[in-house]
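Novice: Quick one: the structure is below, and I'll ask about it shortly.
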Amino acid sequence: MANNGSLLLETHGLEAGYGDVPVLWDISIEVRSNEIVGLIGSNGAGKSTLINVLSGIVPMSRGTISWRGREISACTPKQRVELGMIQIPEGRQLFPGLTVEQNLMLGAFSRKDGQNFAKDLAEVYELFPRLQERRTQLAGTLSGGEQQMCAIGRGLMSNPKLLLIDELSLGLAPILVDQIMDALRRAYRERDVSIMLVEQDVHLGLSMSSRAYVLETGHIVREDQSELLARDPEIRRAYLGI
């Protein structure tokens, strides 16, 4: 089913790389409000590079990025965070010497509405009860799944409009992935937040999203409703081993 929400993020002809090495070519994508979009592809396809370009971490060489119709190609990562674009990076990148709660509160650092911090923290703990149990524990001592919960909770504390989640399931046990996905679905339903989910696990990426892009060697080669991609014989053969 098509999403009729307003256009949130849009790129046209985006190209980027590292030094003289090109990685992305002619990337045109869009994410609408209240939408979960998958970005799937094999390892080395350029998925993380695209997320880093959208976040402003990696510069682009050509093209445009627009946020709610306004071009933000020259905006800094901090400015993009202030707009509501929040990245949950591959590898979590928590502050290991700080407690769980301190890491969560750092997610609210750029916000101006201080009166809502306690309410949002309570909501994060409701989504991830394990974080509340470990709120005084150092983040560096958490398990991988708990660290991913903390990273997502930190992102939610920023009151995001768009979460860019890079390789959520990497290295995690399936039961923990299911718990985290359930929490994300609930956050999506209860908050005005869109999600772009970057996944090497194609089955997971398609089952979570309503629409998806397929990235191969730096090019978008397919875009369709996720349920249609999941049934496509070529996608099933190339990515699902069926």
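Novice: Restricting attention to the stretch 49-93, and to residues there that are part of a helix (DSSP H, G or I) and among the aliphatic types (A, V, I, L, M), which single residue is farthest from the chain's Cα centre (by Cα)?
Specialist: Leu83
Novice: Can you name the condition, by its number, that Glu101 falls short on among (1) buried (at least 18 other Cβ atoms within 10 Å of the Cβ); (2) more than 18 Å from the chain's Cα centre (by Cα); (3) in contact (Cβ under 8 Å) with a residue 60 or more places away in the chain?
Specialist: (3) is the only condition that Glu101 fails.
Novice: Let me ask something else. Does Val193 fit the bill of being of a type outside the set (Lys, Arg) and farther than 22 Å from Gly46 by Cβ?
Specialist: Against the criterion (of a type outside the set (Lys, Arg) and farther than 22 Å from Gly46 by Cβ), Val193 qualifies.
Novice: Working carefully through the options Ala238, Ala173, find the one that is surrounded by fewer than 21 Cβ atoms within 10 Å (Cβ to Cβ), farther than 21 Å from Thr49 by Cβ and hydrophobic (A, V, I, L, M, F, W, C).
Specialist: After applying the criteria, what remains is Ala173.
Novice: Return a yes/no flag: does the stretch 1-12 have any residue that is of a type in the set (Asp, Glu), farther than 16 Å from Leu163 by Cα and either over 17 Å from the mean Cα position of the chain (by Cα) or in a strand (DSSP E or B) (or both).
Specialist: No: the stretch 1-12 contains no residue that is of a type in the set (Asp, Glu), farther than 16 Å from Leu163 by Cα and either over 17 Å from the mean Cα position of the chain (by Cα) or in a strand (DSSP E or B) (or both).
Novice: Could you please give the count of residues in the stretch 181-192 that are surrounded by 13 or more Cβ atoms within 10 Å (Cβ to Cβ) and more than 11 Å from the chain's Cα centre (by Cα)?
Specialist: 7
Novice: Next up: If Leu14 satisfies every condition in (1) out of contact with any helix residue (DSSP H, G or I) (no Cβ under 7 Å at 6 or more places or on another chain); (2) over 14 Å from Glu223 (Cα atoms); (3) surrounded by 15 or more Cβ atoms within 10 Å (Cβ to Cβ) but one, which is the exception?
Specialist: It fails just one condition, (1).
Novice: Could you say whether any residue in the stretch 19-34 is at pLDDT 95 or above, in contact with a Lys or Arg (Cβ under 8 Å, 6 or more places away or on another chain) and part of a strand (DSSP E or B)?
Specialist: Taking every residue of the stretch 19-34 in turn, none turns out to be at pLDDT 95 or above, in contact with a Lys or Arg (Cβ under 8 Å, 6 or more places away or on another chain) and part of a strand (DSSP E or B).
Novice: If you don't mind, there's one more thing I want to ask. Among the residues of the stretch 104-122, write down those that are more than 22 Å from Ile57 (Cα to Cα), surrounded by 15 or more Cβ atoms within 10 Å (Cβ to Cβ) and touching a residue at least 40 places away in the same chain (Cβ under 8 Å).
Specialist: Once the filter is applied, which keeps residues that are more than 22 Å from Ile57 (Cα to Cα), surrounded by 15 or more Cβ atoms within 10 Å (Cβ to Cβ) and touching a residue at least 40 places away in the same chain (Cβ under 8 Å), the stretch 104-122 yields Met105, Phe117.
Novice: Right, here's the next one. Restricting to the stretch 5-51, what's the tally of residues that are in contact with a Pro (Cβ under 9 Å, 6 or more places away or on another chain) and farther than 16 Å from Gly205 by Cα?
Specialist: 2
Novice: Got a sec? Which of Ser210, Ser169, Ser143, Ser194 is over 28 Å from Lys112 (Cβ atoms), in contact (Cβ under 8 Å) with a residue 40 or more places away in the chain and of a type in the set (Gly, Ala, Ser)?
Specialist: Sole residue among the options that is over 28 Å from Lys112 (Cβ atoms), in contact (Cβ under 8 Å) with a residue 40 or more places away in the chain and of a type in the set (Gly, Ala, Ser): Ser210.
Novice: Does the stretch 17-30 hold any residues that are aliphatic (A, V, I, L, M), within 17 Å of Met196 (Cα to Cα) and exposed (fewer than 15 other Cβ atoms within 10 Å of the Cβ), and which are they?
Specialist: none
Novice: Sticking with this structure for a sec: Taking the stretch 203-235 only, how many residues are over 17 Å from Met181 (Cβ atoms) and either at pLDDT below 90 or small (Gly, Ala, Ser) (or both)?
Specialist: Count: 1.
The values are calculated or read from the model by the stated rules, or taken from the named source; none is laboratory data. If you're wondering where the values come from, they're calculated on a predicted model, not measured in any experiment. Heads up, the Cβs are rebuilt from the backbone with ideal geometry, glycines too, and the neighbour counts pull from every protein chain shown.
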